[in-house]
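Encoded as structure tokens, the structure appears first; notes follow it.
No lab work stands behind these numbers, since they all come straight from the coordinates. What you see is a predicted model, and the numbers here were worked out from it, not measured in a lab. Because the Cβ atoms are built from the backbone with ideal geometry, glycine has one as well, and the counts that use them run over all protein chains shown.
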Amino acid sequence: MTLMKGSMLYEGKAKKIFETVDPDRVIQYFKDDATAFNAQKKGTIVEKGVVNNKVSEKLFRLLDAGGVPTHFIERLNDREMLTKKVRIVPIEVVVRNIIAGSLAKRLGLKEGEAIAPPIVEFYYKHDALGDPLITEEHIRLLNLAEPAMVGQIKELAFTINRILTPFFQERNMILVDFKLEFGRHKGRLILADEISPDTCRFWDQKTKESMDKDRFRKDLGKIEEAYQEVLKRVCG
Ligand code: TMP
Ligand code: ASP
């Protein structure tokens with residue numbers, strides 16, 4: 001399929017978005033650039049873009065089949081996927097199954113304890129403010145999404161968790177937590193962005209070792225190896 005790649009619409013920390021001849025479709029290009037702590041820490045994870053593109057494809061297809069609408073159309077090559085063009089809702093939606101990361105730090109809780117039932121959190125997608133944790137009232141105050149849409153986001157987030165958790169379990173991985181972004185497309189709410197080792201915490205079932213971007217955030221070493229292992233377990 002020939003698809004004219006047009007000019008760049010947006011460059012983020014880990015991806016670039018290009019327009020196509022079709023005004024309703026864009027190309028999402030995955031970079032190897034890695035950042036942490038609101039880009040205070042910068043680096044490269046070799047072949048990360050390829051891993052994140054292929055892992056995202058697999059998970060978007062799985063979710064689509066499970067009735068979750070996503071922006072994914074098709075993977076074009078190693079680093080690019082074709083997606084629907086959306087208006088991103090500026091809320092980072094985090095689902096947590098196990099205590100880790102900022103939740104452990106903020107509330108003084110011990111990492112590794114199960115959260116039952118799982119919880120959802122909202123963060124305001126705003127680099128200059130450092131993506132602060134926000135409540136549904138703040139979402140209303142800032143007019144980021146209508147209350148009905150917030151309800152829909154929550155419901156979808158838990159549905160996604162119910163689909164992904166057993167998928168990873170079958171691959172000897174614990175889905176600790178993950179971040180989602182949603183977009184508006186033709187008046188409908190759909191899942192957008194990516195789902196990858198950049199945006200999820202995965203622990204090896206047996207060793208409990210991190211198999212995700214925490215290896216970069218915390219300088220744990222064997223970063224590329226962990227990303228390749230996730231690719232192998234997810235895409236076989
Ligand atoms: P946190 O514990 O640091 O709040 O992270 C929760 C989840 O969200 C974790 O799976 C990593 C993911 N995440 C992102 O995708 N982007 C971010 O900027 C941050 C801070 C976390
Ligand atoms: N993407 C984040 C940043 O650099 C960091 C993270 O994922 O922890 O802003």
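Between region 180-236 and region 33-62, how far is it from one alpha carbon centroid to the other, in angstrom?
So the two Cα centres are separated by 7 Å.
Name the helices (complete DSSP H segments) of the chain with a Cα length along the long axis of 24 Å or more and a Kyte-Doolittle mean of at least -0.5, or state none.
In the chain, the long hydrophobic H runs are 48-65, 147-169.
Can you divide the C-alpha Rg of region 1-106 by 2.2 N^0.38 Å and report the result to two decimal places?
Ratio of Cα Rg to 2.2 N^0.38 Å: 1.19.
To the nearest 20 debye, what is the magnitude of the charge dipole of the chain about its Cα centre, counting +1 on the Cβ of each Lys and Arg and -1 on the Cβ of each Asp and Glu?
The dipole magnitude comes to about 60 debye.
Just flag the GluC sites (Glu not before Pro) in region 77-149 sitting in loop per DSSP whose Cβ has no more than 11 other Cβ atoms within 10 Å.
GLU113
For the chain, modelled as a Gaussian network with Cα springs under 10 Å, which listed residue fluctuates most, SER56, SER210, SER102?
Most flexible of the set in this elastic network: SER102.
Averaged over every viewing direction, what's the projected area of the C-alpha convex hull for the chain? Give it in nm², one decimal, please.
12.9 nm²
Name the lysines eligible as straight-distance cross-link partners of LYS208: C-alpha to C-alpha under 17 Å, and not fewer than 8 places from it in the same chain.
Partners within reach: LYS110, LYS218, LYS222.
Once the Cα atoms of region 44-182 are picked out, what are the Rg and Dmax in Å?
Every Cα atom of region 44-182 included, Rg and Dmax give 16.0, 44 Å.
Check each of the GluC sites (Glu not before Pro) in region 139-236 and keep only those in coil by DSSP with at most 11 other C-beta atoms within 10 angstrom; list them in order.
Loop-located and lightly packed - GLU170.
Determine the shape class of region 131-206: with a ≥ b ≥ c the square roots of the Cα gyration tensor eigenvalues, call it rounded for a/c under 1.5, and otherwise prolate if a/b is greater than b/c, oblate otherwise.
prolate
Using only the Cα atoms of region 174-218, build the gyration tensor, take square roots of its eigenvalues as a ≥ b ≥ c, and label the shape rounded, prolate or oblate: rounded if a/c is under 1.5, else prolate if a/b is larger than b/c, else oblate.
prolate
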